[in-house]
Amino acid sequence: MVNGEEHEGNWILRNGRVLDPERGLDKVCDVLVLGGRLVDISPHFDLPSDRLSEIKEIDAAGKWVVPAFVDMHVHLREPGEEYKETIETGTRAAVAGGYAAVACMPNTRPVNDCAAVTEFILDRARTRGSCHVCPVGAITSGLKGENLSEFGELRDSGAVAVSDDGRPVMSSMMMRRALEYAKTFGLLVISHAEDLALSAGGLMNEGPISTLLGLRGIPAAAEEIMIARDLILAETTGCRLHVAHVSTEGSVRLIREARKRGIPVTAETAPHYFTLTDDLLMTFDTVYKVNPPIRTSRDVQAIREGLADGTIDAIATDHAPHSAVEKDTEFEYAANGIIGLESALPLILALVREGILSPLDAMAKVSCNPSRILGVPFGRFRTGAAACVTIVDPDISYVLDADSFFSKSRNCPFHGHTMQGQVVMTFVDGKLAFSRI
């Protein structure tokens, strides 16, 4: 670890490859941070001799210097399931993964459907968190799909969006009212797209593998039908819609066509949806059980194409921690979910090495794009703003060890895989929040 106490908030990052996707900057530069704020980015800074002792110099040669990441879809489990994760452990995992801000979903216990829970999350993040936490409030009270939550109260208490993530809003009328109500308060609606009548009892992707294994499948149509419905409702209401964890070829096609028609929709996917395929479930390993399920190689290719052409705006982790109690059991009874905060970066960098995304495009998917969608002041390099910066070594190779994660949970499907690319340092508001040096 770098000893940053005597230089806290005063840094100069020398000779790094600075990638600023918002302004299209890709150049070897110095980055100067004073008093925790970004002063400027320049090919070279000559520091006055009388200030040298105040400023910590860090050699970033051969590294990428990028806006610290924003994950717009995580589950921190607090309040209510602290044995799986807490705001403290989840945000420590976040900064280790390069994130300066995370948006936490409302399916806590109690559900984040009111100001009291939102304020609790924000207070806990201030006192114990390692990065910014942006609460997402529930669309309906208790995620029951029966009555809308008080969107104005949620917004005023600090919620950045609303979603019933973990469960879909099955009633089309309720979803229409949610979109109209959210538009009034300037809130983003995040859709968990799943038709429960089609997915009921499903354990994995419906297809030849599920038939071979004798496991009930979840058809792609369960996701696509609900996306089609929500796109129509977004067009009807004119409200912004964001589609979470896109996993199928048909979903990408629907969103692409909707954007061409001018419907105000954005979308995210997660690394497991552009990396893993359903044949992995031949092992019956519950670490691969997630909702929506990992799909076919054709779906993976479509997700990659959607990322490449901008149909899919953001890469989120859908970090979903579970303990061994929920995962080390029969496949039928195992919980859905994969953790991803500490494994996302090398999987994203693989897209760069394969020529699917440019370095700038890849960084945009995890910084300025999710920031823009959520309307939060992170994920950007702004002169005078609090400096949130991540330094990445894109070339280092290592074996991913989930047992060394800061997260409380270990349900990572990439444990033991050889990876390339790793976060070296993460600064949050000018302070060193994480370092491998």
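Read-outs: derived from the displayed coordinates by stated rules, not from any lab. All of these numbers come straight from a predicted model, not from anything done at the bench. Neighbour counts run over all protein chains shown; Cβ positions are idealised from the backbone, glycine included.
Given the rule -39500 (n - 2.57) for each run of at least 4 DSSP H residues, summed and divided by the residues of the chain, what is its mean residue ellipticity at 222 nm, to the nearest 500 deg cm²/dmol? Mind showing how you got there, number by number?
Working: 13 runs with 125 residues, N = 437.
Using -39500 (n - 2.57) per qualifying helix, the result is -8500 deg cm²/dmol.
Using all C-alpha to C-alpha distances in region 289-356, build P(r) with 10 Å bins and read off the rounded percent in each one.
17, 43, 29, 12, 0
Run the quick spin-label model on residue 61 and residue 410: label points 7 Å from Cα toward the beta carbon, then report their separation in nm to one decimal.
4.1 nm
If r is the Cβ-Cβ distance from residue 398 to residue 232 and R0 is 51 Å, what FRET efficiency results, to the nearest 0.05? Spell out each step's value before the answer.
On the way: r = 46 Å, r/R0 = 0.91.
Calculated value: 0.65.
Calculate the all-directions average of the projected area of the chain's alpha-carbon convex hull, and give it in nm².
Values: hull surface 77.6 nm².
Directional mean of the projected Cα hull area for the chain stands at 19.4 nm².
If you rank 8, 180 by fewest surrounding Cβ atoms within 10 Å, what's the result?
Details: 8 13, 180 16.
In increasing order of surrounding Cβ atoms, one gets 8, 180.
So in the chain, what percent of DSSP beta bridges are antiparallel if you round to the nearest 5? Display every interim value, and only then the final one.
On the way: 31 of 62 bridges.
Around 50 percent antiparallel, to the nearest 5.
With the chain treated as a Gaussian network of Cα nodes joined by springs under 10 Å, which of 423, 265, 376 yields the largest mean-square fluctuation?
Judging by the Gaussian network model, the answer is 376.
Run down the lysines and flag those whose C-alpha is under 16 Å from the C-alpha of residue 144, throwing out any fewer than 8 positions away in its chain.
Once the sequence-local lysines are set aside, nothing remains near residue 144.
List 165, 195 from most exposed to least, where exposure is judged by having the fewest other Cβ atoms within 10 Å.
195, 165
Using a simple spin-label model with points 7 Å from Cα along the Cα→Cβ vector, what separation in nm is obtained for residue 185 and residue 221?
3.6 nm
Pick out, from 312, 346, 163, the residue whose Cα sits farthest towards the positive end of the charge dipole of region 67-374, with +1 on the Cβ of Lys and Arg and -1 on the Cβ of Asp and Glu.
Going by the charge dipole, the pick is 312.
Listing 11, 64 from the residue with the fewest other Cβ atoms within 10 Å to the one with the most, what is the order? Please report the intermediate quantities before stating the final value.
Working: 11 25, 64 22.
Neighbour counts put them in this order, fewest first: 64, 11.
Counting Lys and Arg as +1 and Asp and Glu as -1, each charge on the Cβ, what is the dipole of region 67-374 about the Cα centre in debye, to the nearest 20?
In total the dipole reaches around 660 debye.
Pairs of alpha-carbon atoms within less than 8 angstrom and 6+ residues apart define the contacts here; what relative contact order does region 67-374 have, in percent?
On the way: 659 pairs, mean separation 51.4, N = 308.
Value for region 67-374: 17 percent.
Compare 48, 292, 321 in a GNM of the chain, Cα atoms joined below 10 Å, and give the one with the largest fluctuation.
Fluctuation is largest for 48.
Picking from 349, 52, 32, which is most flexible by a Gaussian network model of the chain using Cα springs under 10 Å?
For the chain, modelled as a Gaussian network with Cα springs under 10 Å, the answer is 52.
Once you put a point 7 Å from the Cα of residue 437 and another 7 Å from the Cα of residue 420, both along the Cβ direction, what distance in nm separates them?
2.4 nm
For residue 44 and residue 123, what is the calculated FRET efficiency with R₀ set at 45 Å and r taken between the beta-carbons, to the nearest 0.05? Mind showing how you got there, number by number?
Values: r = 43 Å, r/R0 = 0.95.
So, using R0 = 45 Å, E works out to roughly 0.60.
Looking at region 126-276, what % of the alpha carbon pairs are farther apart than 25 Å?
Numbers: 3733 of 11325 pairs.
The calculated P(r) of region 126-276 puts 33 percent of pairs beyond 25 Å.
Taking a 30 Å limit on the Cα-Cα distance, which of the listed pairs 63/183; 183/365; 289/431; 260/327 fall beyond it?
Working: 63/183 42 Å; 183/365 25 Å; 289/431 37 Å; 260/327 41 Å.
Too far apart for the 30 Å limit: 63/183; 289/431; 260/327.
What length, rounded to one decimal in nm, is gained on full extension from residue 353 through to residue 382, with 0.36 nm per residue of separation minus their alpha-carbon distance?
Values: separation 29, 0.36 × 29 = 10.44 nm, distance 2.82 nm.
Gain on stretching residue 353 to residue 382: 7.6 nm.
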